[in-house]
Amino acid sequence: MAGRRVVHISVAEMKSYYLYSEWCSWLCSVAEDEIMHQDIVPLCAADIQEQLKRRFAYLSGGRGQDGSPVITFPDYPAFSEIPDKEFQSVMTYLTSIPSLQDAGIGFILVIDRRQDKWTSVKASVLRIAASFPANLQLVLVLRPTGFFQRTLSEIAFKFNRDDFKMKVPVIMLSSVPELHGYIDKSQLTEDLGGTLDYCHSRWLCHRTAIESFALMVKQTAQMLQSFGTELAETELPNDVQSTSSVLSTHTEKKDKAKEDLQLAQKEGQRLLESLREPLAESTAHSVNQDQLDSQATVQRLLAQLNETEAAFHEFWAKHQQKLEQCLQLRHFEQGFREVKATLDTASQKIATFTDIGNSLAHVEHLLRSLASFEEKSSVAVERARALAQQGQQLIENKHYAVDSIHPKCEELQHLCHQFATEIGSRRALLSKSQELHRLLETSMKWCDEGIYLLASQPVDKCQSQDGAEAALQEIEKFLETGEENKIQELSKIYKEYETILNPDLLDHVQKVFQKQESMQEMFHRRQASLKKLAAKQTRPVQPVAPRPEALTKSPCPSPGSWRGSENSGPEGSALRRGPYRRAKSEMSENRQGRDSSTGDEEEGLAILRRHVMNELLDTERAYVEELLSVLEGYAAEMENPLMTHLISTGLHNKKDVLFGNMEEIYHFHNRVFLRELERCTDCPELVGRCFLERMEDFQIYEKYCQNKPRSESLWRQCSTCPFFQECQKKLDHKLSLDSYLLKPVQRITKYQLLLKEMLKYSRNCEGAEDLQEALSSILGILKAVNDSMHLIAITGYDGNLSDLGKLLMQGSFSVWTDHKKGHTKVKELARFKPMQRHLFLHEKAVLFCKKREENGEGYEKAPSYSYKQSLNMTAVGITENVKGDAKKFEIWYNAREEVYIVQAPTPEIKAAWVNEIRKVLTSQLQACREASQHRTLEQSHSLPLPAPSSTSPSGGNSRHVKKLEERKTDPLSLEGYVSSSLPKPPEKGKGWSKTSHSLEVPEDEGGWSSAEEPINSSDAEEDGGVGPKKLVPGKYTVVLDDEKGGPDTLAMRSGDVVEVVEEGAEGLWYVRDLSSGQEGWVPAGSLSALLGTSGSAQCLSSSESSPGSAVLSNSSSCSEGCPAPFSDLQG
């Protein structure tokens, strides 16, 4: 069978089994032979109970003189009516009751027919003689007592004697006393004149009970024999669970067999007491032989049951021991497999620990990791040792599988020793590496301190003798410390640390030694310079009085005067040359000092960069270790079944809420970012490239920060949970979990500080630009994280915020409304009562929300924002300046039908928002122009240019058509529109750029259609947008306020809609105001064409077939023909 093996039975167990089997067989045979001695299928009293109750024949228990059993046939009038089958069954049953020995002597039949007729007597005797199944010794017949019947019987018996010839004699008795001559009175019942106590109902009850008990004993014996065979033939499983199941099943069956055995014993005892009851009641009571035989039979059965029980217990004890030893073996084997797999995995993992570290901090980190790994693996090692000890105990207890246990114990001991050896070897290598790195770092630190010492010595003070001597003393004192801090012999290092010197570490050792040599050389040069300065003596200078005439001349002497002085003698020449040479020498030394100072300054900056890099690496490693401790000590333990009872119901299935994506952050830093930072150890100024290459990966912090409020809330609810206290105790953390959950937020903000420090010391280095870009990117990520934290606090918005595009800016403002639609009082109130609104500027919409401060602690105290309104950016325009306040600007919607006056906290914030909105509108305008040009090209290739269908009021239609035909398809220039810096507020009345216009699609009544509209810009526009606009029939929107209004000039406000009537000179158009009906001249540059049937100014609609370009003025807009729905902004 699969999964099982046959276990050979020991000799002792085999003997026990055969002994037990023999007892069961004997018990079964006793139950059959002792009760019913029949070769055929035995009859039981219960089977013929009704026939026996008729009492036409009974076995009283009496015996003849030679011990022959006596069967009595009492007077039974209906004897002839008894069916032959029933009569035969009763005869067979009664003759089977005596023992085989008594039955072999032969039976004595007593036929009582004293009250019967002769004819019945004859028939009865003949019937009995014909169907009696056993041996007969004697037949005694009590003939009828009536005179006539007795006389008749005598005569008939004499004449019919031949009819009664049988194998045994038949004796006709006339009276009972004659019967006593053949059978003693004590062996006859009272109805035959005897003294034998016989009760037929009691006899029948006892016979039924005895036979039932015998059947119970037989069944019990068969059950025990079958169970013993099953136990002996059991094949033991190979796994713990199956072995436990077999042991449990066999134990249950054993208990059931024992119960049946005990029940049979109790039944036998009760039956034996019932058989002895008459004798117990009266000592004078006589017991017949059948009763004695019944008692003996029951006693033998009980004795046999007791012997069988003892054999059963002995056999079961051995079988149970075998099963228990098998279960112990299976537990041992399972533990061995698990421990071996764990230790093999640990050994394989140790084999992967080939890194010996690239710095002291890294080596210490590796040592801590090794110690942590050893501590975690110690559980498996201790279990292996305990398992080996358990195996030895099994061997001492004479387990049947000693040959299998002993090799496994030896292998476990070998695995423990091997693991300890590998850990020790690994620790020794890391200790060597730690020792070498400590020596290298000590040497590097000594070099850095030396360079710092050289850089800190002021050159000007060293020019004096005292200053030079003081500097020399500092240098000599510092060099004395080199004996214990610097690398003495490189060859000695090679020899001592040969086992760990890989190419990288060897290169590092050489660089440190080279740096040490270079630093010492710098010290020697400085010492030489200082010694010269210290040894320099101040020479006395003899004053020479100048000539009187020289005092009145120019400070620069003439060549003649120099020549005259040169001829004054050698002494004067020497005096003149001495100061000149000293000055030249001092100038040369000062120049060397300055060069040395510059080199020292660069070296000092390099030291500072290295300090910042070390801090970045040390804090990064500590950060990774803290994340790992939280994930292993808290997050993993939440799934540990042994800790489940400590976790409150509120924490179930909330691991992702509590820890967010901390595991993702850990894997990024541990597997990627930390390793890349370590590669920049020797070139800290290049660390900016590291950040830039992984900037997209830092987006994972946005997800973590967005989940932080939920995590904070869950922590506040469950902070007192015993689970957290137990985990904190195991980790030996001084701070609770919430402090560690804040680490990622603190870390992402720490990077920008470290980058600023690194950038400060790397201004003239190779990676300065990358550092600046990395700093800007990190600040951008922080801004995005901050914005997203505000964005997720918006409530009440029905749509998907991601559909609005990227969040560009967000902030709080005071907002006034000034709408053309609505009640007058509301409009007037809105002008004086500002609303506090938090605005969210997206690429496609601007959202107005009401800020609501929340009560609570931590993140729960953070504000939420109730959504009030959103404006589609395609229908938005802005006015940069509002009279009277430099912090205000206007956001208007749908041709100023809705106007929002927004007041920023500072002018700078206002300028930033205006600039950002301008960029959005510019990008939309550019996209619209590109789309229009694409459609224009398609139309120009597919449709001929139609003739105009209407004329202008001035009759210049032909000229207008000519102008249209001359236009080109080049796009309008965006120069002067997009600004890379925050724009200064424009001068009053001036726009963002030079004006330009787009051709409109006239309304139906104007006679212009989209198919007739040429999509070209004017030549003037192509040349830079200079020149007057040309008349195009249709409606226009006013984009520049002009409220002065001359005699013939029409006063206008931005957003008014007018219709062109006539084109005038000097860039003036004659228009009609559609709202008031007034007419007048207006500058063409103040108008912008409406596209199609749109009612908004400067519409850039993708639904129209005719494209255009919008005028960019002090009030700028890009809107669609169908504005978004608008609701009241009042909170």
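The values are calculated or read from the model by the stated rules, or taken from the named source; none is laboratory data. These figures come from a predicted structure and were not determined experimentally. All Cβ positions, even for glycine, are placed from backbone atoms using ideal geometry, and neighbour counts span all protein chains on display. Accessible surface areas use protein heavy atoms only, side chains included; no ligands, DNA or RNA. Shrake-Rupley method; radii C 1.70, N 1.55, O 1.52, S 1.80 Å.
Say each of residue 515 and residue 866 gets a label point 7 Å from the Cα, pointing the same way as Cα to Cβ; how far apart are those two points in nm?
Result: 6.2 nm between the two label points.
How big is the Rg/Rh ratio for region 311-455, C-alpha atoms only, Rh by Kirkwood, two decimals?
Rg divided by Rh gives 1.33.
Using only the Cα atoms of region 230-377, what are the Rg and Dmax in Å?
When restricted to Cα atoms, region 230-377 yields Rg and Dmax of 32.9, 113 Å.
Give me the percent of the accessible area of region 284-345 that comes from carbon and sulfur atoms, probe 1.4 Å, all protein chains in place.
With neighbouring chains kept in place, the figure for region 284-345 is 48 percent.
Kindly write out, for region 791-807 in residue order, the coupling ³J(HN,Hα) from the Karplus curve 6.51 cos²θ - 1.76 cosθ + 1.60 (θ = phi - 60°), rounded to whole Hz, with x marking Gly and Pro.
So the J values, rounded to whole Hz, are 5, 6, 8, 6, 10, x, 8, 7, x, 9, 4, 5, 6, 7, x, 5, 6.
Can you give me the Cα centroid spacing of region 308-352 and region 622-654 in angstrom?
That distance is 34 Å.
Which whole-Hz couplings ³J(HN,Hα) result when phi for each residue of region 192-206 is put into the Karplus expression 6.51 cos²θ - 1.76 cosθ + 1.60, θ = phi - 60°, listed in order with x for Gly and Pro?
In residue order, the calculated couplings are 10, x, x, 10, 5, 7, 9, 10, 5, 5, 5, 4, 5, 5, 5 Hz.
Which sequence of 293, 504 reflects their accessible areas, 1.4 Å probe, from the largest down?
504, 293
Can you give the local net charge around residue 657? Use residues other than it whose beta-carbon is closer than 12 angstrom to its beta-carbon, Lys and Arg +1, Asp and Glu -1.
Around residue 657, the charge tally is +2.
Round to a whole number: what % of the accessible area of region 64-110 belongs to carbon and sulfur, probe 1.4 Å?
On region 64-110, the fraction of accessible area on carbon and sulfur atoms equals 50 percent.
May I ask you to give the solvent-accessible area per residue for region 682-795, in square angstrom, as obtained with a 1.4 angstrom probe?
50 Å²
Just add up the charged neighbours of residue 190: K/R +1, D/E -1, any other residue whose Cβ is under 13 Å from the Cβ of residue 190.
So the environment of residue 190 carries a net charge of -2.
For region 163-257, what % of the accessible area comes from carbon and sulfur atoms, probe 1.4 Å?
The computed percentage sits at 51.
Mind grabbing the accessible area of residue 368 for me, 1.4 Å probe, Å², rounded to tens?
Residue 368 exposes around 120 Å² with every protein chain in place.
Heavy-atom accessible area of residue 713 with all protein chains present, probe 1.4 Å, nearest 10 Å²?
Answer for residue 713: close to 30 Å² accessible.
How would you rank 694-702, 661-669, highest first, on the average number of other Cβ atoms within 10 Å across their residues?
Result, highest mean first: 661-669, 694-702.
Quick one: the Cα spread of region 756-823 along its three principal axes, in angstroms, biggest first?
Per principal axis, max minus min of the Cα coordinates gives 65, 26, 17 Å.
Can you sort 921, 506 by 1.4 Å-probe accessible area, starting with the largest?
Ranked from most to least accessible, the order is 506, 921.
Å³ per residue of the Cα convex hull, for region 83-125?
Each residue corresponds to 91 Å³ of Cα convex hull volume.
Between residue 835 and residues 5 or more places away or on another chain, which pairs have amide H atoms under 5 Å apart, with H built 1.01 Å from N, and which residues are they?
HN-HN under 5 Å from residue 835: 815, 816.
Pop out the ³J(HN,Hα) list for region 51-57 in order, Karplus 6.51 cos²θ - 1.76 cosθ + 1.60 with θ = phi - 60°, rounded to Hz; leave Gly and Pro as x.
Taking θ as phi minus 60°, the curve returns 5, 5, 5, 5, 6, 7, 7 Hz for region 51-57.
If amide hydrogens are placed 1.01 Å from N in the peptide plane, which non-local residues have theirs closer than 5 Å to the one on residue 358?
Amide H to amide H, under 5 Å and 5 or more residues apart or across chains, residue 358 pairs with 363.
Sort out for me the Cα centre separation of region 422-463 from region 737-764, rounded to whole Å.
When both Cα centres are located, 26 Å separates them.
If eta is 0.890 mPa s and T is 25 °C, what Stokes-Einstein diffusion coefficient results for region 697-761, Kirkwood Rh from Cα pairs, in µm²/s?
176 µm²/s
Return the whole-Å distance between the Cα centroid of region 704-730 and the Cα centroid of region 195-209.
86 Å
Given H placed on each backbone N at 1.01 Å, which residues far from residue 60 in sequence or on other chains put an amide H within less than 5 Å of it?
When sequence neighbours closer than 5 places are left aside, the close amide H contacts are 72.
Go through 783/910; 654/703; 833/919 and tell me which ones have a Cα-Cα distance over 23 Å in this structure.
833/919
If you roll a 1.4 Å probe over the heavy atoms of the protein chains, what accessible area per residue do you get for region 337-450, in Å²?
So region 337-450 comes to 52 Å² accessible per residue, rounded to a whole number.
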